[in-house]
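K.L.:
Below you will find the structure I want to go over with you.
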Amino acid sequence: MVSQAKGLAPRLERRVGHVIEFITRWLALAGGASLVAITAVTCISVIGRELAGVPIPAFEVFGPIQGDFELVEAGCAFAIFSFLPWCQMRRGHVTVDIFVQPLGPRVNAGLALAGNLLLTACALLIAVKLGEGLVDKRSYSETTFILQMPVWWGYAVALVGAWVFVLASAYTVWRSLNEMLGDGERE
Amino acid sequence: MGNIELAGASFVVLLALIFLRIPIGLSMLAVGIGGTVLVTGSWVPILAQMKSLTYETFSSYSLSIVPLFLLMGQFATRSGMSRGLFRAAAAMIGHKRGGIAMASVAGCAGFGAICGSSLATAATMAQVALPEMKRYGYNGALSTACLAAGGTLGILIPPSFVLVIYAILAEQNIAKLFAAAFVPGILAAIGYVITISLFMRFDPEAAQPAAKASTRERLEAMVEVWPVVLIFLLVVGGIYAGWFTPTEGAAVGTAGTGLVALFRRQLGWSALGECILATAVSSGMIFFIVFGAGVFNSFLAFTQMPQMAAEWVGNAGLSPWLVLAGILLTYLVFGCVMDSVSMILLTVPIFFPIVMTLDFGLSPEDTAIWFGVLVLIVVEVGLITPPVGMNLFIINSMAPDVPLTQTYKGVVFFVLSDLIRVVILAAFPAITLAVLWL
Amino acid sequence: QEVTLKVHHFLSPQSPVPKYFIGPWAEKVEKDSGGRIAVQIYPTMQLGGKPPSLYDQAKDGVVDIVWTLTGYTPGRFPKSEAFELPFIAGKAAPTSEAAWDFYEKDLQDEFKDVKVIAAFVHGPGLVHANKPIEKLEDMKGLKLRGPTRMTNKLLEKLGAIPVGMPVPAVPEALSKHVIDGAVVPWEVSVPLRIPELVHNHTGFSGSRGLYTSFMVFAMNKAKYDSLPDDLKKVIDDNSGREASRLAGLAMDKGDMAGPPALAKLGDKQTILDEAETQRWKDAAKDIEAGWIEEMNGKGLDGTQLVKDAKAAIDTYVDKDQAAYEY
Ligand code: NA
Ligand code: NA
């Protein structure tokens, strides 16, 4: 274990890695909870809508959940923003490996380092711009169509995922740097 | 540098980045951002776009079907339902050569009948079928390629998101387009099954046949599979009966499989967590690609390159069949780097009026519908043509032990089957249109 | 040429507004500028984003000119909603002239971030459903896709179940009976193939329709300011009430495709008689009162806005209709 630890502050990097792994896992689980909620809202809405169509007077109390598809959209956005950091930590993004495989594990880790640097820059751009979008939407007092829920609420919860994505991407730069200086990718 | 040169150079840079192991979505995003800055001569447009583009992409109602179906696949795997499904398929045709791969294609076709998205079909079926094919000793080339190809049935078999967009752009009847796409979709599934049996003839080692099941085993397998069948009938039947939209169907299916898993005591808190974390990795990857592709495609639109290419084909003064061949080839080439919806949005407004001026001996409406189905097919072939095909990447990423080269080798057979089908359907419009003439 | 103007919108080039208004507008501007201005039109959101972001794309300079509906961003243009109240708007061309006057009088602050070239509306909305609607009570329990915030409120009040979904999802939802119908004008229903999916189409008597949507054709301010004076004049000459009227005419032209499409399918168009129409108008009174109250709550003068909107519309809709024949 110790002999493998090479690179820039390798032991600190591992410890930081555990913390970020913890944060990203719980955020992904929160995103999953939002997916489960979407499922529930949609099913209840479908059942309500179908029951409302039954020509029995007592069934008039039923109906679809108003604005269900707005909830699905906002919930899906939160889920995806929360999934991105976990996906990055788990090396989930698709890459084409065949052309660089023969170059060996350390070169590959080096290419991953370049990719992670580029990704961190993009993640930073996404997070900063999403924040600006939030400020815009708030100042325009834009709302959703049916529920008239302020649009910036959706942006606000998404922003959590966007900044954790920056954090996770930045950490993976460090991780792949140490993998390049060490023996290549760990997993 | 002119816009055309810029667009050309962007393809080169994009491929270089991808081959240098930069993630696909990231490569498209980076080239898209850089390209937009160059083509508009300013950082203002792209920076302003980014304020809302991520949120808009991730909050899409139609795309929310993707994580829902992925979660459904996780629940189905967790509760043993997908294994039950494959045990049943294996009991029926597993003893045939390549039988389980054929069952996977059949599964994709069934799933394609409920889902309008290729990526979701490929990802969901792969989650269910890959572990089973591995268990039966199928080699990586066959198992990943047949699923990548099978995934395109998601769009080929109606309902199909791409056809809806075509119908709106070309102002054609959606119901008729769906009807016309049905026979070609079934032909695609049959073509893939034939491809698998030919594959087995060329490479008999690609899969071990399972032992022939006894009648009793078959019956047992059928009894075990009833919850899957029930949920499948509920989702498909419900969508066709008009109880719910495809996205709602995905939610109903997720709830159904989740409840079965819960009932079978396979879905405690930790199992639910694992299902979610696996869904998170695949969903994050797919949506990041969709986002990157969006930025890249908007850059291409700014260069006007696809529009100009389309105009050039239309104005070259060739015979109708040559023009059609040129258009279909253009789609195949663009399909290497673009996603199907963006391609249709960019080119149909240009190609469609051109095609409508050509004489193929058909009525205008028949021409429009036949052309729509052909476009649908070539666009989908783009998803599985090496080196860059979204379905290939997604399936391959779900089979970590299979090198991408293996998937490339395997898929060549399926692409050939697609090309043969395109030629047949183009040469004999009656195959597509007969349904409408009845 | 010296200047290229990029126009971005959300529909296909064959739809009425791009075909009869944006295309001819672009040609006219190119001609009037002696070829010094080139206009590039990008349909179907080709340059990225969803329709609700179009307004910001013009404001922020992602593109130079957009066509958008203010209803895409509820809450952002509250005053323009006066034109979307039930039974307030008439045919598109005269109501669009009124929309321009209303913009000049009341809406300049709402659109201060852009240069508005035209303010316009579409023609009267109809109820397209899978069962005949001959009286108010027929609306009960119908699952309808509603078009605007105010129309949704009315549908709900009439006992219908307003279902929210994006417009492109409507044909599929109709074909599968997820919804029973949709409330849209002819100009949208024909390209969406709605008459092929549901066969009862209900309109109203008199010169006012069920609802309309407020729209603008707007230009990035900095881009306009950067033009030399003579080119500014070209844009100015092609802006204003006349441009708004032409955009409205494009909508009316699109609406004219509706009834012939029906005849071909053997569909039924019901025009509710005056007495029945009056019952609907009475039911809609609360919606207008509720809107005024809502505006007052925002510190706006709701009563005055409705008065201005009605006065502007009366001026043109009740004018000699011969001015709007083609
Ligand atoms: Na499908
Ligand atoms: Na491809």
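The values are calculated or read from the model by the stated rules, or taken from the named source; none is laboratory data. Predicted model only: the values in this text are computed from it and were never measured. Ideal geometry is used to build each Cβ from the backbone, glycine not excepted, and the neighbour counts take in all protein chains shown. Remember, those area values only see protein heavy atoms, side chains included, never the ligands or the DNA or RNA. Shrake-Rupley method; radii C 1.70, N 1.55, O 1.52, S 1.80 Å.
K.L.:
Please compute the Kirkwood hydrodynamic radius of the protein assembly as shown from all pairs of different C-alpha atoms, in Å with one decimal.
P.N.:
Taking the inverse mean of 1/r over all distinct Cα pairs, the protein assembly as shown comes out at 29.2 Å.
K.L.:
Right, another one. Which far-off residues, 5 or more places away or on another chain, put their amide H under 5 Å from the one on residue B:138, with H placed in the peptide plane?
P.N.:
The answer is B:208.
K.L.:
In Å², and per residue, what accessible area does the range C:230-323 have when probed at 1.4 Å with the other protein chains present?
P.N.:
Value returned for the range C:230-323: 51 Å² of accessible area per residue.
K.L.:
Summing both sides, how much accessible area is buried between A and B? Use a 1.4 Å probe and give Å² to the nearest 100.
P.N.:
Interface between A and B: roughly 4800 Å².
K.L.:
Mind checking how much accessible area B and C bury in total, 1.4 Å probe, in Å² rounded to 100?
P.N.:
Chain pair B/C: roughly 2800 Å² of buried accessible area.
K.L.:
Quick one: the Cα spread of the range A:1-138 along its three principal axes, in angstroms, biggest first?
P.N.:
Principal extents (Cα only, largest first): 75, 35, 33 Å.
K.L.:
³J(HN,Hα) across the range B:25-31 via Karplus (A = 6.51, B = -1.76, C = 1.60, θ = phi - 60°), whole Hz, x for Gly/Pro?
P.N.:
The phi angles translate into x, 5, 4, 5, 4, 5, 5 Hz.
K.L.:
Just to be sure I understand: if you take the accessible area of chain A alone plus chain C alone and subtract the pair, with a 1.4 Å probe, what total do you get in Å², rounded to 100?
P.N.:
1600 Å²
K.L.:
Shifting gears a bit: Of the peptides C:300-307, B:352-359, how do they stack up when ordered by the mean number of other Cβ atoms within 10 Å, highest first?
P.N.:
Packing order, densest peptide first, comes out as C:300-307, B:352-359.
K.L.:
Using a/c under 1.5 as the rounded threshold, could you call the range B:1-122 rounded, prolate or oblate? The axes a ≥ b ≥ c are square roots of the C-alpha gyration tensor eigenvalues, and prolate needs a/b larger than b/c, oblate otherwise.
P.N.:
prolate
K.L.:
Could you sort the residues of the range B:241-283 by number and keep only those whose accessible area is reduced by 50 Å² or more in the all-protein-chain setting relative to the chain alone, 1.4 Å probe?
P.N.:
Listed in order, they are B:242, B:243, B:248, B:276, B:277, B:280, B:281.
K.L.:
Against the longest principal axis of chain A, how steep is helix A:105-139, in degrees 0 to 90 to the nearest 10, with axes from Cα atoms?
P.N.:
Taking Cα atoms only, the helix is inclined about 30 degrees.
K.L.:
What Kirkwood hydrodynamic radius, in Å, does the range C:246-326 give when the mean of 1/r is taken over all pairs of distinct Cα atoms and then inverted?
P.N.:
16.2 Å
K.L.:
Could you work out how far helix A:10-52 tilts from the main Cα principal axis of chain A, as a 0 to 90 degree angle to the nearest 10?
P.N.:
20 degrees
K.L.:
Is there a simple number for the mean count of other chain Cβ atoms within 10 Å of the Cβ of residues in A:136-142, and what is it?
P.N.:
So the per-residue partner count for this stretch is 5.
K.L.:
Here's a follow-up. Ignoring ligands, DNA and RNA, please state the percent of accessible area on the range B:285-438 from carbon and sulfur, probe 1.4 Å.
P.N.:
Solvent-exposed carbon and sulfur of the range B:285-438 make up 73 percent of the total.
K.L.:
Taking a quarter of the surface of the convex hull around the Cα atoms of chain B, what do you get in nm²?
P.N.:
It is 21.9 nm².
K.L.:
When only DSSP loop residues count, what trypsin sites (Lys or Arg not before Pro) in the range C:108-198 have their Cβ near at most 15 other Cβ atoms within 10 Å?
P.N.:
For trypsin sites (Lys or Arg not before Pro) across the range C:108-198 that sit outside H, G, I, E and B with at most 15 neighbouring Cβ atoms in 10 Å, the list reads C:112, C:135, C:140.
K.L.:
Let me ask you something else. Mean 1/r over all different Cα pairs, inverted: what Kirkwood radius does chain C give, in Å?
P.N.:
20.2 Å
K.L.:
Name the residue from A:134, B:315, A:168 whose Cα lies farthest towards the positive end of the charge dipole of the protein assembly as shown, charges +1 on Cβ of Lys and Arg and -1 on Cβ of Asp and Glu.
P.N.:
Of the candidates, A:168 comes out farthest on the positive side.
K.L.:
Next question, about the same structure. Taking only Cα atoms and a 10 Å spring cutoff, compute GNM fluctuations for chain C and point out the largest among C:85, C:262, C:144.
P.N.:
Top of the fluctuation ranking is C:262.
K.L.:
I've got another one for you. Non-local amide H neighbours of residue C:40 (under 5 Å, H modeled in plane, Pro and chain starts lacking H): which ones?
P.N.:
When sequence neighbours closer than 5 places are left aside, the close amide H contacts are C:5, C:6, C:7.
K.L.:
Averaging over all projection directions, find the projected area of the Cα convex hull of the range C:149-206 and quote it in nm² with one decimal place.
P.N.:
4.5 nm²
K.L.:
In addition: In whole Hz, what ³J(HN,Hα) sequence does the range C:234-243 give by Karplus (6.51, -1.76, 1.60; θ = phi - 60°), x for Gly and Pro?
P.N.:
Running phi through 6.51 cos²θ - 1.76 cosθ + 1.60 with θ = phi - 60° gives 4, 5, 4, 5, 9, 10, x, 5, 5, 4 Hz.
K.L.:
Still on this structure, I have one more. Across 10 Å bins from the origin, how do the percents of Cα pairs in the range B:179-329 run, short distances first?
P.N.:
The calculated distribution, bin by bin, is 8, 14, 25, 30, 15, 8, 1.
K.L.:
Could I ask something else about it? In vacuum, with every alpha carbon of the range C:104-171 counted as one equal point scatterer, what does the Debye formula give for log10 I(q)/I(0) at q = 0.17, 0.21, 0.26, 0.28 Å⁻¹? Two decimals, please.
P.N.:
The Debye formula, applied to the Cα set alone, gives -0.75, -0.92, -1.20, -1.32.
K.L.:
Taking all protein chains as present, what is the carbon and sulfur share of the accessible area of chain C, in % to the nearest whole number, probe 1.4 Å?
P.N.:
Solvent-exposed carbon and sulfur of chain C make up 52 percent of the total.
K.L.:
Related question: Could you derive backbone 3J(HN,Hα) for the range B:408-415 from the dihedral phi with the Karplus parameters 6.51, -1.76 and 1.60 (θ = phi - 60°), listing whole Hz in sequence and x where the residue is Gly or Pro?
P.N.:
Along the range B:408-415, the couplings run 4, 4, x, 6, 3, 4, 6, 4 Hz.
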